[in-house]
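These notes are about the structure you will find just below.
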Amino acid sequence: MVRVIEYKLRLNSEGKPFLSLILQGGIEIVRSANGNIYATAKKASLATTFDEATCKSLIGSEMPGTIQREECDPYQYTVEDTGEVLMLSHRYVYVEQEQPVKQDFIKIHQNSGNGVKEMA
């Protein structure tokens, strides 16, 4: 499950504004490069067609799925807290949970010979 934690105003490639939900996955315990253990959670952005009131009302709601790492073309990323510029070649994306396929059972009929169909 992922949780909606906030929303942000973004611009599309044509410069038009849209709102994006910020999703967060479950807690993960990881080990840093220097051996320290810490807790973290992956985040991803999901574009919407919602208005601000709808986005605001969705904060705190959960959706089935996960946040997964996806490789992409290299890009520069600036860490907000430190100003450090990193070169990254991955991003995190929302992957919806596969829903079980529901099967409709079709009633099988046979011809009774008198024009009326009967259950087989």
Subject >> Cα-based Lys pair tally, region 2-99, threshold under 18 Å, eight or more apart or on separate chains >> reply: 5
**OP:** Could you list 55, 72 in order of exposure, starting from the residue whose Cβ has the fewest other Cβ atoms within 10 Å?
**Re:** 72, 55
Subject >> Extension gain (nm, one decimal) between residue 52 and residue 24, 0.36 nm per residue minus Cα-Cα >> reply: 8.2 nm
Subject >> Per DSSP, loop GluC sites (Glu not before Pro) in region 2-48 with at most 10 further Cβ within 10 Å >> reply: 14
**OP:** For region 2-99, build the charge dipole from Cβ charges (+1 Lys, Arg; -1 Asp, Glu) around the Cα centre, then report which of 67, 7, 30 sits farthest towards its positive end.
**Re:** 30
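Where a number appears in this text, it was derived from the coordinates with a stated rule and is not lab data. Everything quoted here is computed from the prediction, not taken from an experiment. Using ideal geometry, Cβ is built from the backbone for each residue, glycine included, and neighbour counts are taken over all protein chains shown.
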